């Protein structure tokens, strides 16, 4: 039975807390959040302890693992504190917005043989896993091109954008991780372009809302990523992998399988599931399941701090490319 | 070069005339229609002769084959006249509305070794042919159930219905032919139900607008047919064949492959092609091609007067079942 | 908090037990099953009491509701016992295989104002609910035809078939309930045909493996049902509702949204979810949720003993039609 | 009646010749090809004159328009000769592989008010036209991103590649034209990457077989193009246009609408139509129809030499970007 502390009782903390509570191999011991009554409210609902002090929660003798869902700028210190105390860690991404700080943290975790998993939830989606399994099974031969479409249903609050690190680091970072995972090789060159087509006012924050990225690996495999902060038809998450003997696509999820036929259109399907909490509900569950399984079995973490570092590095390169109009070597 | 006379210059005569004119193995000699200027107008457009006398057209020495697209009650006499003159015949269905008259005609054609093909256009549709080819290739093992959906875009004119023989004989007759062709066995029992859900006024004509038919063969294969005179979303033509090792479906045709995504619906496709002239344009071409090929090669006609007779017999049985509420033995 | 006893610890009892345990508004008090260690094993896993005596479990003061998942021939006596004790009941279908016994039981439940829900799980499937909602919202106008396809992945064990009441009563009964629910009117006439195309040996049990049923309502709405005990491509569950202003279809569920393209085929999708436990996992959850909600709010049960009675009656009529070759009035 | 000369009796010349012969508003006068018996064979088949001298054919008094389907390096001189003689021209793309030569030719055509259409066949595909119509109708609001997938079924002969100008100029040029047409604005910056993943031996020709291109317009609209010389599942031609109020996709064409379900996969569709002659058969017809209509009505040509020039310019920029690893300003 893995005894778990949740750090951060916000939107993502709630998801993790529910999954811990529902997992028969885990026990939710404590939820810690320094802000107001968030931890208490959530703990009362799930029947565990609450605290205003994440550091203290990490230190408890009856806690084996911590899940870090606090604001990004606290990730590194909490992660390192937990690793030093010998606790396993599931840390939300990005590890940090500053690649130097991330490099130092990854280095220390590796020195200490820390057990840290970075929460790239999309890798645990059943359809994404099937893509990876099909590639591994040789269904499409050698991978040639990967095409990733990733559009959010609507602009996040301005306040979020101000502190998020920008669209490359808060949104496309997921797609950079997918790209590495599906390409099966590291991208060595990044070309990007970015625009403000949804909200021209983002210029004051030096941010963008619409982007395209193009990458290649040493052997010449190619990847395209497109993102937009707003798609009126819903949260659009598609992937295509084209190989020497076939192609794989995965489509969006919808609440039902109903199709409608009328005078004005045929085969009309439901709108898409609205956003990541609904779209990736199963993925979040599977992510925590695999975290528990890796700890129990002592096998390698399915995603590592190195993965978190690489995705951030690609985001930084893409931003540089978009600003300079040059291909950037990774 | 097959020299062809077209009898009847109406809607279906025009289709046949254009296909004859466009076929490099055939020559359109004459179009005959006793009504007004229809034959002349069409002949002028296509560059052939016109006549008001179908019987005379059949008799011409420079005519090898006739296509009969005149009103139903003239089919038998024109067909028999042509057969007696040694001409090949492509005859629109139904052969006649009276099964006794059809039986006599089929008997005479067979006695004379007449070369007659009945125009069941749907058998020549590329998707329908693929269904039959896939069944023949053993793709789905033994056929167990056939499900045929057949809905027209809208009610025909009242005047048409008055003389058509009713929904079972003018509309479902196509589906009875499909049923026999796809089942690969003759239906031996028919159960039907019919309603007036589109136009209650059809009661004065003792006709219906919405029906379901259920049939079985001697070995126990089953077939369901559903028809309706009106589908607001267009001409709906689908078939499903379920077998011991798989299933085949064929979907409707549309003018383009575009799909639309908006706030209100996703994957929205075009409306269906409106009606049989558009939907089966390729089938009409292929039907004539195979008529020519059968004549040139001396091989059996792809559809025979016997096929026309059997489809009408099933229509009669279905009507009787709908009126009596009993299963009718064929 | 609704305190629940589960009667029967077999395949379906396990599903219900897990859903009770996972529902925040319910408490699983006891699992009772007279056979071996089934109740104890399941109770140990879920942390509740176990018993060999279902009748005693019903009588406990700390039990508000019972879920009956025992063999069919015990349903009526357990249901009536619970109703007499004032307990709410969620009873698996069929209520019984003997319509007279069912009629008597339904009568007594109604006399006692018993709170009984019959477990027609498919009505609670998200896609089925969307169909009903779309019909109610007028999306397709007046319903004209309903087409229900229902094929199992493979033959059940011979021993099951011997006691199940046959394909009409154990399998098609679900489709009869769907038919009533989607037609929005009671069928008044049933025509059926049945064959042994999968296993001719079923003749010794006077049972069938492949059937088609056709029904009509007083206003002329029509319904077709097809069933087969074996579909090699998986558990096939589709519905089509055709109305005066449109059509609704619902497709099968699959584990992922991946499509594959290769030399031999394109758009290839996953096999279907294997069988009802997987296919209707969400429906079973929603069924119990609505049972709890109806009890808490005092609103009518979403499905009633009368619904269970009507579905059985249609199954009996269909079997009679298949055996006699006549339309049977309901 | 437009009197037409066809120059070049190869693969594409045959397509044009058949479309001219089948168009009621046009008359095929002569086919000219200096090589062997190609012109004679085709002319005999279609019943027109043949010649070994394209220049003489242009000069004939009974020729109003010429279609140029000769090798690329003869396009400019034949086109200019025809324009000087006052003939209308439908010229295959590319106009030439040398942008300077193209610029000079376009300049002269414009000076002479020449009636020249460049054969970008894809613009005339029914689905592509529907995309453009839907955009123009405001269905998706402002265009934000265009994604074009363009994969050939297999490598062309080495000899073809040696003289084609390379993958950017002979293959992607179609996609550059589509990009301009669908974006509704001129790309101002191009980033490209190219690999040899199908045939490493292309290195001797300094050519590639797999590429990605990324472009942006002055207002920030973005476009991604991906190409590969080989897709084992067939000729893959898809487009996606993402806008502020929706998205449009167009899918590939197949010979039938049949779907197959078996133990190993569900919804399996036919392979794609093999290559451009089949895939764009309707587009070639419509292209010639619009050429005739533009001449008859005196309205602007639907595609102009300027369009041919711009597509080549984008191809040159993309190649430069792939070779230098820099974004290239157009």
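Coordinate-derived values only; no laboratory data. Remember, it's a predicted structure, so these values are computed and weren't measured experimentally. Methodologically, a virtual Cβ is constructed for each residue, glycine included, from the backbone with ideal geometry; neighbour enumeration extends over all protein chains shown.
Extension gain for residue D:330 to residue D:206 (0.36 nm times residue separation, less C-alpha to C-alpha distance): 42.4 nm. Principal axis extents of the Cα atoms in the range A:122-329, from largest to smallest and rounded to whole angstrom, are 53, 47, 37. Helix D:281-297 and the long axis of chain D differ in direction by around 50°, with both axes built from C-alpha atoms.
Take the Cβ-Cβ distance between residue A:40 and residue C:44 as r, set R0 to 45 Å, and report the resulting FRET efficiency rounded to the nearest 0.05.
Approximately 0.85, to the nearest 0.05.
Sorted from shortest to longest, the distances between the residue A:184 label points of this copy and the other copies are 4.0, 4.2, 5.4 nm, with each point 7 Å from Cα along the line through the beta carbon. Note the angle between two axes, namely the Cα long axis of helix C:99-111 and the longest principal axis of the Cα atoms of chain C, as a number of degrees from 0 to 90, rounded to the nearest 10. The helix C:99-111 is inclined about 50 degrees to chain C. From least to most packed, judged by other beta carbons within 10 angstrom and beginning with the fewest, C:304, A:74 follow the order A:74, C:304.
For the range B:86-232, the direction-averaged projected area of the alpha-carbon convex hull comes to 10.8 nm². Entry note, the range D:227-313: relative contact order of 19 percent, from Cα contacts under 8 Å with a spacing of 6+ residues. Per residue of A:211-222, other chain Cβ atoms within 10 Å of the residue Cβ number 5 on average. Model label points for residue D:274 and residue B:112, set 7 angstrom from Cα along the Cα-to-Cβ axis, are 4.4 nm apart.
Plainly put, the tip 7 Å out from Cα toward Cβ on residue B:62 is 2.4, 10.3, 10.6 nm from that tip on each other copy, the closest given first. If one computes P(r) from the Cα atoms of the range C:103-172, what percent of pairs lie at distances over 21 Å? Counting pairs separated by more than 21 Å, the tail of P(r) holds 56 percent. Consider all pairwise Cα distances in the range B:125-209 and report the whole-number % of them above 21 Å. Counting pairs separated by more than 21 Å, the tail of P(r) holds 43 percent. When only C-alpha pairs under 8 Å and at least 6 residues apart count, what is the relative contact order of chain C, in percent? Answer for chain C is 19 percent. Inter-copy label distances at residue C:296, shortest first and taken from points set 7 Å along Cα to Cβ: 3.2, 7.1, 7.6 nm. Taking every DSSP helix (H) stretch of at least 4 residues in chain C, weighting each as -39,500 (n - 2.57) and dividing the sum by the residue count yields a mean residue ellipticity at 222 nm of -11000 deg cm²/dmol. Taken along the Cα-to-beta-carbon direction at a fixed 7 Å, the label points for residue D:163 and residue A:74 span 7.2 nm. In terms of other Cβ atoms within 10 Å, C:233, A:35 run from fewest to most in the order A:35, C:233. In the distance distribution for the range A:187-303, Cα-Cα pairs more than 17 Å apart total 75 percent.
In terms of surrounding Cβ atoms within a 10 Å radius of their Cβ, A:320, C:287 rank from fewest to most as A:320, C:287.
Against the empirical 2.2 N^0.38 Å (N residues), the protein assembly as shown has a Cα radius of gyration ratio of 1.04.
With an 8 Å Cα cut-off and a minimum separation of 6 or more residues, compute the relative contact order for the range D:2-118 in percent.
Rounded, it is 24 percent for the range D:2-118.
The angle between the Cα long axis of helix B:172-183 and the longest principal axis of the Cα atoms of chain B comes to about 70 degrees, rounded to the nearest 10. Taking every DSSP beta bridge that has both ends in the protein assembly as shown, the antiparallel portion is near 60%. Convex hull of alpha carbon positions in the range A:62-163: directionally averaged projected area 9.8 nm². The distance from the alpha carbon centre of the range C:97-158 to that of the range B:158-231 is 29 Å, rounded to a whole number.
Using a Gaussian network model of chain B with C-alpha springs under 10 Å, which one of B:165, B:59, B:36 is most mobile by mean-square fluctuation? Ranking B:165, B:59, B:36 by mean-square fluctuation puts B:36 first. FRET efficiency for the residue A:323 to residue A:219 pair, using the beta carbon distance and R₀ = 30 Å, is estimated at 0.60. Taken residue by residue and averaged, Cβ atoms of other chains lying within 10 Å of the Cβ of D:194-201 number 3. Among A:44, A:152, A:142, the largest mean-square fluctuation in a Gaussian network model of chain A, built with springs joining Cα atoms closer than 10 Å, belongs to A:44.
Bridges between two residues of chain B, per DSSP, are antiparallel at a rate of about 55%.
Considering only A:227, A:48, A:317, the mean-square fluctuation computed in a Gaussian network model of chain A, springs between alpha carbons under 10 angstrom, is largest for A:48. Per residue of peptide D:267-274, the mean number of Cβ atoms on other chains within 10 Å of the residue Cβ is 6.
The Kirkwood radius of the range C:2-118, taken over pairs of alpha-carbon atoms, gives through the Stokes-Einstein law at 10 °C and 1.306 mPa s a diffusion coefficient of 114 µm² s⁻¹. Projected label points at residue D:132 and residue B:21, each 7 Å from Cα along the beta carbon direction, are separated by 2.9 nanometres.
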